[in-house]
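Heads up: the structure comes next, in structure tokens.
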Amino acid sequence: MHDVIIIGAGPAGLSAALVLGRCRRKVLVFDSNQPRNSTSAAMHGFITRDGMHPSEFRAVAREQIRSYPAVEFHDTEVTKVERGEGQFTATAKDGRRFTARMLLLATGIVDEIPQIEGFHQFWGKSVHLCPYCDGWEHQDEPIAVYGRGIDGVEFALEMLGWTGELVLCTDGPADFPKDQFARLEAAKIPLIETPVARLEGEGAQITGVRFRDDTVYSCHALFFTAPQRQRSNLARELGCKFSEDGTTLDCKECASTNVPGVFVAGNTSRGLQLVIMAAADGTQAAFTINQALLEADCPKTDAEVGACAVPSTQSADGGAGEREPHIPACARESKVAAP
Ligand SMILES: Cc1cc2nc3c(=O)[nH]c(=O)nc-3n(C[C@H](O)[C@H](O)[C@H](O)COP(=O)(O)OP(=O)(O)OC[C@H]3O[C@@H](n4cnc5c(N)ncnc54)[C@H](O)[C@@H]3O)c2cc1C
């Protein structure tokens, strides 16, 4: 049996695979090749990787992981996962079944992009979600912010950090309280409530937003807010708890979920939705999983056996059991004395 099944080979899953490979774990990595940033041409904000194409990032990661032969990739979707006694069984799209002791879900999320003509043409190239990822490239340019409700106002105000030349398009009546109009006015951000007809431009470059009254706002980029959903239903089917708004998976700092033996990493759970954060999450999950496996496999004294040490997939923290687990030096809380 394998040690770990990782579902999802984006930055989170890949990072976990690397660390678990280095821990000499037998790992199966499944990926359906639908990364969240698939439309993006350049990934920003990851130190040493700034501007790299996202597919190159994933290719380099896989190349490096190839040095760890116990990590095995399967480029296919996992359609079902069952939790049994001390093991998980994943069924791939072609019907093949695989088992492992622990499960890591790094399945990512989907952004629900507005159903507007032209959106897909520019999405990820000159139509963006996140100014931390793509704001620098459009600094001081005319920008349209597309968003409804208070989220739209907040986003437009945030965009002032990158340009002073922007409008907020609510694509219909602005359904926010009076004080929000005042905030926009104070920041000199024009509000356009006219419904949007389509986005216009050439190739991947947006040149303007055309409204239903045939007026056009000329811009070099559009930033928008959008609802999100989980890319996969596997976590729900396993009984994992979700945040109150139902979008992200609940997990502890150590990446464990309420379902024993199931861990999560990356955008599917919490925190800043950036590549470097997803990669760090993957490392955290790999660390917790490996510690749990080490603990479960550690030879027990008679007293410990009597105290019924908990099998690895039976407790939510990965099965640390009764004994205080050893914490490697790199993971201990720093207690450096003052000079
Ligand atoms: C247009 C765009 C541009 C972005 N630009 C940046 C940027 O410049 N800098 C930055 O830091 N962040 C950027 N982001 C955010 C970045 O994409 C995410 O933070 C990152 O991809 C999250 O990594 P992840 O591993 O959690 O998920 P993902 O990268 O989405 O990977 C999840 C993987 O799981 C697979 N999967 C899902 N379900 C299954 C299943 N059942 N079986 C098998 N495989 C499955 C998917 O196919 C996918 O490959 C951008 C996002 C978008 C939308």
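On inspection, residue 36 passes the criterion of being within 20 Å of the chain's Cα centre (by Cα), farther than 19 Å from residue 103 by Cβ and either surrounded by 21 or more Cβ atoms within 10 Å (Cβ to Cβ) or more than 14 Å from the ligand (Cβ to nearest atom) (or both). Only one entry in 14, 28 is assigned by TED's automatic domain parsing to the domain that holds residue 284, more than 8 Å from the ligand (Cβ to nearest atom) and within 25 Å of residue 233 (Cα to Cα), namely 28. If the condition is being more than 23 Å from the chain's Cα centre (by Cα), of a type in the set (Gly, Ala, Ser) and at pLDDT 95 or above, then the stretch 125-155 contributes only 144. Look at the stretch 213-233: where a residue is over 20 Å from residue 130 (Cα atoms) and of a type in the set (Val, Ile, Thr) and a partner is part of a strand (DSSP E or B) and at pLDDT 95 or above, sitting 6+ places away or on another chain with Cβ atoms under 8 Å, you get 216/200; 216/208; 216/209; 216/210. Looking across the stretch 271-281, the residues that are in contact with a helix residue (DSSP H, G or I) (Cβ under 7 Å, 6 or more places away or on another chain) and more than 7 Å from the ligand (Cβ to nearest atom) come down to 271, 279, 281. Among the residues of the stretch 127-142, those that are more than 11 Å from the ligand (Cβ to nearest atom) and either among the charged types (D, E, K, R) or buried (at least 18 other Cβ atoms within 10 Å of the Cβ) (or both) comprise 138, 140, 141.
Kindly evaluate residue 101 against the criterion of being away from the ligand (no atom under 14 Å from the Cβ), surrounded by fewer than 21 Cβ atoms within 10 Å (Cβ to Cβ) and either within 28 Å of residue 247 (Cβ to Cβ) or over 14 Å from the mean Cα position of the chain (by Cα) (or both). No. Is it fair to say residue 181 is in the same structural domain as residue 163 (by TED's automatic domain parsing) and aromatic (Phe, Trp, Tyr)? Yes; evaluated as a whole, the condition is true for this residue.
Which residue pairs have Cβ atoms closer than 6 Å, lie 6 or more positions apart in sequence or on different chains, and pair a first residue in the stretch 290-307 that is closer than 19 Å to residue 19 by Cα with a second residue that is among the polar types (S, T, N, Q) and assigned to a loop (DSSP other than H, G, I, E, B)? Every condition considered, the pairs that remain are 292/312; 296/312. Annotation: of all residues in the stretch 39-71 being polar (S, T, N, Q) and surrounded by 14 or more Cβ atoms within 10 Å (Cβ to Cβ), the one that is farthest from the ligand (Cβ to nearest atom) is 55.
The values are calculated or read from the model by the stated rules, or taken from the named source; none is laboratory data. These numbers were taken from a predicted model, which means no experiment stands behind them. Backbone-built Cβ (ideal geometry, glycine too); neighbour counts: all protein chains shown.
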